[in-house]
Amino acid sequence: MDLIRIFQRFPSNEACIAHLESVRWGDEPACPHCGSKHIGRKSDGIGRWNCHDCHASFTVLSGTIFSNTRTDLPKWFLAISLVLNAKKSISSPQLGRDLDIPQKTAYRMLMKIRSAMVADLDLFTGIVEADECYVGGKPRKRNRRDDDDNYPQAPRGRATRKLPIVGVVERGGKVAAEPSPRVTTANLSAFLSRHVDRDAALLITDQFPAYRRIGHTMRHATVDHAARYVDGEVHVNTLEGFWALLKRAWWGAHHHYSKRHAHAYVTEACYKYNVRESANPFSAFLRDAVAA
Ligand SMILES: [Zn+2]
């Protein structure tokens, strides 16, 4: 949903609360503590309910990324839309300016929004590309936008002190990626086991020895980067495309933050890649954000 429509549809806290209640509960609001539907609305104007069974009081925001917020919900909705629409992610100073809120508030909202971008992925099957990329350090002067490690004349990231991100993509499908402090056979193997159906996938990687060892446990084909040769289906171009997005987001929005938050940034990039063909990512996000 675009900003204008969100602004028009959710002009007030009341409108946002009514929407979140219908997304979270449908027609049957329930106590998040005991599940009882024997509840009554308080007349405090902020959508608070009382549970007649366990006597807890709650709102639709309880237990969600919005709980205890002092920021108006319409700004939250706009922030979510801005994050989802930002191709290269968005920085907290930028979000602060866009919404007229302090940078620190914007930063906390961004982190909350990223925390709700949890992926619920099926195991990948078919042709699956695995690779790593490296972020952090200083961008090279010649080409600040894309710190590309993948060509033979540059030292590969594996020899640098940058932060490795391991990734896997199902060709024509979804991507999964996460920071991995040490790229070892054991770490790569555990990562792939979480995301790939080893019996139903053909793994494509470059010739990094760790992948070659994993290749003994499943169907596997390798690309020779040095030859810059695309052998039909045997390439990792899909994942390279995702790395390009990730690196642009990193340099565009995150380079002044520490690697400590790399996980959140990678999560955001994966989430946005995976909802890229969804008809309404905004609604999908809200559904996940208030899911019990
Ligand atoms: Zn209750």
Summed over the other residues with a beta carbon less than 13 angstrom from that of S81, with K and R at +1 and D and E at -1, the charge totals +2
Quick one: helix 281-290 against the long Cα principal axis of the chain, what's the angle to the nearest 10°, folded into 0 to 90?
60 degrees
Are there cysteines in the chain with no second cysteine's Cβ under 4.7 Å away, and if so, which?
C16, C133, C270
Quick check: pseudo-label points 7 Å beyond the Cα along Cα→Cβ at R70 and R161, how many nm apart are they?
4.0 nm
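If r is the Cβ-Cβ distance from D288 to T184 and R0 is 41 Å, what FRET efficiency results, to the nearest 0.05?
On the way: r = 32 Å, r/R0 = 0.79.
Once the sixth-power term is evaluated, E becomes 0.80.
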Based on the Cβ-Cβ distance of H216 and N85, what FRET efficiency does E = 1/(1 + (r/R0)^6) give at R0 = 45 Å, to the nearest 0.05?
0.55
Run lengths n ≥ 4 of DSSP H only: what is the helix-derived mean residue ellipticity at 222 nm for the chain, with -39500 (n - 2.57) per run over all residues, to the nearest 500?
-11000 deg cm²/dmol
Go through segment 111-118 residue by residue and turn each phi into a ³J(HN,Hα) via Karplus (6.51, -1.76, 1.60, θ = phi - 60°); whole Hz please, and just put x for glycine and proline.
5, 5, 4, 5, 5, 8, 8, 7
Quick one: what are the phi-derived ³J(HN,Hα) couplings along segment 92-107, Karplus 6.51/-1.76/1.60 with θ = phi - 60°, whole Hz, x for glycine and proline?
5, x, 5, 4, x, 5, 4, 9, 6, 10, x, 4, 5, 5, 4, 4
Considering amide H positions built from the backbone, and no H for Pro or chain starts, which residues 5 or more places from V223, or on another chain, come under 5 Å of its amide H?
T205, D206, Q207
Compute the helix-to-body angle for 13-25: its Cα long axis versus the longest principal axis of the chain, expressed 0 to 90° and rounded to tens.
70 degrees
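By average Cβ neighbour count within 10 Å, what is the ranking of 74-87, 170-183, 277-290 from highest down?
Ranking the peptides 74-87, 170-183, 277-290 by packing returns 74-87, 170-183, 277-290.
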How much length is gained if the chain between F7 and R48 is pulled fully straight, taking 0.36 nm per residue apart and subtracting their Cα-Cα distance, in nm to one decimal?
12.4 nm
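Which of the residue pairs K88/K162; K37/K174; K37/K104; K88/K259; K37/K272; K75/K162 have a Cα-Cα distance greater than 27 Å in the structure shown?
Details: K88/K162 20 Å; K37/K174 38 Å; K37/K104 38 Å; K88/K259 17 Å; K37/K272 35 Å; K75/K162 35 Å.
Violating the 27 Å limit, Cα to Cα: K37/K174; K37/K104; K37/K272; K75/K162.
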Whole-Hz ³J(HN,Hα) from phi, Karplus 6.51 cos²θ - 1.76 cosθ + 1.60, for segment 184-190, glycine and proline x
10, 4, 5, 5, 5, 5, 5
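Every read-out reported here was derived from the displayed coordinates using simple, explicitly stated rules and does not represent laboratory data. All values reported here derive from a predicted model rather than from experimental measurement. With ideal geometry, Cβ positions are generated from the backbone for all residues, glycine too; neighbour counts draw on all protein chains shown.
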